[in-house]
1. Taking only pairs six or more apart or across chains, which ones have beta-carbon atoms under 7 Å, a first residue in segment 174-196 that is within 14 Å of residue 158 (Cα to Cα) and open to solvent by 30 Å² or more (accessible area, probe 1.4 Å), and a second residue that is at pLDDT 95 or above and not in a helix (DSSP H, G or I)?
2. Would you check if residue 212 is open to solvent by less than 30 Å² (accessible area, probe 1.4 Å) and modelled with pLDDT under 95?
3. Could you name every one of the strands (runs of 3 or more DSSP E) located completely within segment 1-99 that has at least 2 residues being more than 22 Å from residue 213 (Cβ to Cβ) and either in contact with a strand residue (DSSP E or B) (Cβ under 9 Å, 6 or more places away or on another chain) or modelled with pLDDT under 85 (or both)?
4. Show the residue pairs meeting these rules: Cβ distance below 7 Å; 6+ apart or different chains; first residue within segment 152-165 and open to solvent by less than 10 Å² (accessible area, probe 1.4 Å); second residue part of a strand (DSSP E or B).
5. Is at least one residue of segment 97-111 closer than 30 Å to residue 22 by Cβ, more than 16 Å from the chain's Cα centre (by Cα) and surrounded by 12 or more Cβ atoms within 10 Å (Cβ to Cβ)?
6. I need every pair where a residue in segment 123-147 that is without any contact (Cβ under 8 Å) to a residue 60 or more places away in the chain has its Cβ under 7 Å from the Cβ of a residue that is buried (at least 17 other Cβ atoms within 10 Å of the Cβ) and of a type in the set (Asp, Glu), sequence separation at least 6 or different chains.
Amino acid sequence: MAVKKVYGTPACPATMRVLASMLEHGLDFEFIYVDLKAGDHMKESFLSLSFGQVPVFQDDQDLTLFESRAIMRFISHHYPKPGKEQVYEAPKEQGIVAAWIDVEDHQFDPPASKLRTELLEKPLNGMSADKQVVAEAEANLARVLDVYEERLKDSKYLGGDKFTSADLTHLPNLYYLMKTPVKRLFDERARVSGWCRDLLARSAWAKVVDMVEKI
């Protein structure tokens, strides 16, 4: 019988996003490790699935998807978990969720990814962080978090009063940034800080972290 498959590298934020969505929805799947350092993603067999990027998701219904947010959106709509759906049926509410997914993609992720690279990835590879890049990214992230703090006055989560993909999509960068001095930007904002703790404490996310830390 065909099974769902996720191709990726556990420590890659995009792969982590898809793993979190799969586990939040209680889906069984086969994880296929793609060794980026060994160039597995550039082999012809993998290039035929995507543009050489991870993750790749294969449904058991002859569907292949790449781009982690597209995969996450598909999973939340196609495999809603009864009583814990990450989407709304009402267009207005779902429109709000979709907007905040885009906010993460276009506003939160760019400075967060720069900070992850400068403060975590560069030191692991024997390089020093670029202080100017860090300062600019911190300032940009702080402005985004000010908007989040205001939004969280009105609802427990970004997309409304329940956990949705608009929150889930932030988890990979939150996980990494909590390991850096940038954590203070979240701690300084009470609602944002509580939102982070809530997300990072989810049982499905703990399983993702376990996968990452075993590699």
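1. 191/152; 191/153
2. Values: open to solvent by less than 30 Å² (accessible area, probe 1.4 Å): yes; modelled with pLDDT under 95: yes.
When the stated conditions are applied, residue 212 passes them.
3. Numbers: elements: 5-8, 30-33, 56-58, 64-66.
The qualifying strands (runs of 3 or more DSSP E) are 56-58, 64-66.
4. Going by the 7 Å Cβ cut-off, the qualifying pairs are 164/157.
5. Let us first name the residues in segment 97-111 that are closer than 30 Å to residue 22 by Cβ, namely 97-111.
Checking the rest, the ones that are also more than 16 Å from the chain's Cα centre (by Cα) come to none.
The answer is no; no qualifying residue exists.
6. Partner pairs satisfying both residue conditions: 129/118; 130/118; 133/118; 134/118.
The values are calculated or read from the model by the stated rules, or taken from the named source; none is laboratory data. It should be emphasised that the depicted structure is a prediction, and the values quoted were computed from it without experimental measurement. Glycine gets a Cβ as well: all are built from the backbone with ideal geometry, and neighbour counts include every protein chain shown. Areas reflect the complete protein model, heavy atoms only, side chains present, ligands, DNA and RNA absent. Shrake-Rupley method; radii C 1.70, N 1.55, O 1.52, S 1.80 Å.
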